[in-house]
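Some notes on the structure that comes next.
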Amino acid sequence: MAESSRKILHMIPKNDKPLKDVLQAWLKDDKVRENYFQAKLEVNWHKITSQSIRQYTTDIKLKNKVLFLRISSAPLRNELHMGREQLRKNLNEFLNENYIKEIQFLV
């Protein structure tokens, strides 16, 4: 290793915290956590919902612990509205946290 590289490495402060701890601290920030959960739901939507729900879901937004779902089918939207509490529980279980407080369905 070149002498200049060794000098640079000695100038970098050492952090003895495990990466897991650093990430957990970072995820405590509300905005970061909200964006993380939204991305997790979007990426895994096909795994956590049925084909009919996937087929008619056109948008997923998470804002201030409220999940906004745009469902293009009126009958399905009505059915989901009636079962929204169970859906909320299932999604929170998937997130491993009681994060989503409400679900609203958009036209």
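Mind checking which of 62, 80, 23 has the largest fluctuation in a GNM of the chain, springs on alpha carbons under 10 Å?
Checking each option, the largest mean-square fluctuation is seen for 23.
For the chain, with the dipole built from +1 on Lys and Arg beta-carbon atoms and -1 on Asp and Glu ones, taken about the Cα centre, which of 73, 45, 22 lies farthest toward the positive end?
Positive-end residue among those listed: 22.
Inverting the mean 1/r over all pairs of different Cα atoms, compute the Kirkwood radius of region 56-107 and quote it in Å.
Evaluated over region 56-107, this radius sits at 11.1 Å.
In the neighborhood of residue 38, defined by Cβ-to-Cβ distances under 12 Å, what is the net charge if each Lys or Arg adds +1 and each Asp or Glu adds -1?
So the environment of residue 38 carries a net charge of +3.
Determine the dipole magnitude for the chain: charges of +1 sit on the beta-carbon of Lys and Arg, -1 on that of Asp and Glu, nothing else is charged, the reference point is the Cα centre, and the result goes in debye to the nearest 20.
120
For residue 98, what charge total do you get from the other residues with a beta carbon under 11 Å from its beta carbon, if Lys and Arg give +1 and Asp and Glu give -1?
Residues near residue 98 contribute +2 overall.
Please give the charge dipole size of region 56-107, origin at the Cα centre, charges +1 on K and R Cβ atoms and -1 on D and E Cβ atoms. Round to the nearest 20 debye.
Using Cβ point charges on Lys, Arg, Asp and Glu, region 56-107 gives about 160 debye.
Which length gain, in nm to one decimal place, applies between residue 93 and residue 64 when the Cα-Cα distance is subtracted from 0.36 nm times their residue separation?
Answer, rounded to one decimal: 8.6 nm.
Calculate the spin-label point distance for residue 20 paired with residue 82, positioning each point 7 Å from the Cα along the beta-carbon direction, and give it in nanometres.
Calculated label separation equals 4.5 nm.
Considering only the other residues whose Cβ falls under 12 Å of the Cβ of residue 60, what net charge follows from Lys and Arg at +1 and Asp and Glu at -1?
Local charge sum for residue 60: +3.
Return, for the Cα atoms of the chain, the radius of gyration and Dmax in Å, separated by a comma.
Radius of gyration, then largest Cα-Cα span, for the chain: 20.5, 70 Å.
Please sort by residue number the GluC sites (Glu not before Pro) in region 22-107 whose DSSP state is loop and whose Cβ has at most 13 other Cβ atoms within 10 Å.
Within region 22-107, the qualifying GluC sites (Glu not before Pro) (loop, at most 13 other Cβ atoms within 10 Å) are 97.
Bear in mind these aren't lab numbers, they're just calculated from the coordinates by the rules spelled out. For clarity, every value in this text was computed on a predicted model and none was experimentally measured. Using ideal geometry, Cβ is built from the backbone for each residue, glycine included, and neighbour counts are taken over all protein chains shown.
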